[in-house]
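Accompanying notes for the structure given below.
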Amino acid sequence: MTSVVIASMLREEGTTGVQTHVQQLRASLAGTGTGVVFLTPFSWARPLTYPVFGPRAVFGRLSGDASVWWYRHWHEVFLRKALRRELGRLGDCVVYAQGPPEARAALRARRGPHQRVVMAVHFKTSQADEWVDTRTSPIKDGGWVYRGIRRTERETITRLDGILYVAAWARDALQSWLPETATVSSAVIGNFTAPLDPEPAPGPIADLVSTGGLDSVKNHTFLLDVLAEAGRLGRKVTLDVYGEGVLRAELEEKTRALGLADQVRWRGFRRDVRQFLPGYKVYVHPAYSEVSPLAIIEAMAAGLPVVAGRVGGITEAYDDGVEGRFWPLDDPASAAGVLLDLLDSEPARRAAAEAARKRFYRDFDSAVVVPRLLGFLQGTAPGTGG
């Protein structure tokens with residue numbers, strides 16, 4: 001089999017969707033006979049990374065644009081050097097790039113067309129828009145770094161051997177501003193995970209559970225507003241949130257202000273969170289922007305019905321009234337009604353839970369998805385376009 005070189009700007013360990021995607025892929029490919037190499041900017045001249053990457057912290061206090069440019073430029077330089085060294089040792093292979101900077105580094109480093117470059121689209125529309133929305137070191141909408149990122153995407157993506165979209169929504173969003181990408185061979189293959197270990201489920205922990213970084217996009221304040229509305233209806237619903245982030249102190253303060261301190265627990269980041277999921281009744285997801293929600297997939301693997309907003313790739317993960325419910329993200333009172341209707345009808349909740357588990361094994365089990373993904377990466381399974 002053709003070797004797979006995974007290229008990422010991010011370290012392997014971490015909580016982002018990209019990191020989880022890579023971790024799940026590497027675990028799934030272990031023992032299949034497929035050679036897998038994982039490269040990051042830290043794979044080349046590691047002692048130099050600290051003095052070169054470090055100044056970004058200074059720039060961040062002065063200019064978000066300068067900070068982001070420094071980060072992207074130097075991380076791509078180091079990744080390209082790591083790729084050039086590794087690809088010089090390999091013959092036929094595929095570089096699975098986790099974004100446009102990684103893809104450009106791979107295109108510049110490869111030794112010829114026998115080394116394919118396929119990029120995953122985890123982002124929404126453009127990475128430039130994501131940097132505008134970030135709370136730490138945001139860039140100026142339409143500014144010089146914003147324009148540079150979009151120019152890089154336009155010049156890079158149209159030269160790829162393939163594009164792997166983790167959701168049809170991501171494909172449509174990218175093609176809405178960069179229609180030329182429709183000519184590149186592509187496939188829509190969603191995120192995946194392995195089934196839960198066959199261990200006994202823990203006893204009842206709380207009514208609801210949610211996982212994800214504590215940032216503005218994940219919208220945890222909405223969850224607190226929904227619980228407050230449920231309280232006004234006479235229902236005291238309990239919630240555990242797993243994750244860390246810059247908004248933790250702010251969210252804990254709002255929890256106290258709403259009188260929810262005895263209902264909500266901020267449990268922080270845990271690597272073993274999946275093993276706790278079967279101890280809850282419903283998985284709730286308040287994010288207002290998602291491409292391919294691994295947290296929801298993991299909840300379905302645990303047999304939990306899902307309640308989330310009808311946004312982005314979430315609409316491709318489950319169907320309203322079957323594996324879960326969709327709630328309005330702009331109306332906490334109505335959302336509380338949707339949630340309580342499911343919580344207060346045990347037959348409906350159990351039916352959604354069973355449907356969620358079946359949907360997971362059909363659409364998101366790594367044993368089903370990874371062979372398709374590997375076939376597209378290696379060029380043995382044709383894509384559309386191109």
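Points worth noting:
- Expressed to the nearest 5 percent, the antiparallel share of DSSP beta bridges inside the chain is 5 percent.
- In plain terms, the chain from Leu48 to Arg108 could stretch by 19.5 nm, reckoned as 0.36 nm per residue minus the Cα-Cα distance.
- Projecting the Cα positions of Asn219, Gly309, Leu260 onto the charge dipole of the range 206-363 (unit charges on Cβ atoms of Lys, Arg, Asp and Glu, taken about the Cα centre) puts Leu260 furthest along the positive direction.
- In the chain, a dipole from Cβ-located charges (positive for Lys and Arg, negative for Asp and Glu) runs towards its positive end, and of Gly148, His75, Gly91 it is Gly91 whose Cα lies farthest in that direction.
- Mean separation of Cα pairs under 8 Å and 6 or more residues apart, divided by the residue count, gives the range 206-363 a relative contact order of 24 percent.
- Among the lysines of the chain, pairs at least eight places apart or on separate chains and with Cα atoms under 25 Å apart come to 10.
- When +1 charges are put on Lys and Arg Cβ atoms and -1 charges on Asp and Glu Cβ atoms, the dipole computed for the chain relative to its Cα centre reaches about 1480 debye.
- Most positive-pole-ward Cα, Ala128, Val166, Ala105, against dipole of the chain from beta carbon charges: Ala105
- For the range 206-363, size of Cβ-based charge dipole, Lys and Arg +1, Asp and Glu -1, in debye: 440 debye
- Distribution of pairwise C-alpha distances over the range 206-363, 10 Å bins, in %: 12, 45, 38, 6, 0
- Ascending count of other beta-carbon atoms within 10 Å, so fewest first, for Phe269, Phe59: Phe269, Phe59
- Alpha-carbon centroid distance for the pair the range 356-386 / the range 27-50, whole angstrom: 23 Å
- Estimated distance in nm for a label pair at Asp344 and Val217, the labels positioned 7 Å out from Cα along Cα-to-Cβ: 3.6 nm
- In plain terms, the residue of Val118, Val52, Val264 with the fewest other Cβ atoms within 10 Å comes first and the most crowded comes last, giving Val52, Val264, Val118.
- Spin-label pair Gln23-Leu233: with each label point 7 Å from Cα along the Cα-Cβ axis, the two points sit 3.5 nm from one another.
Every number here is computed from the coordinates shown, using simple stated rules; none is lab data. In this text, all values refer to a predicted model and were calculated from it rather than measured experimentally. We place every Cβ from the backbone using ideal geometry, glycine too, and count neighbours over all the protein chains shown.
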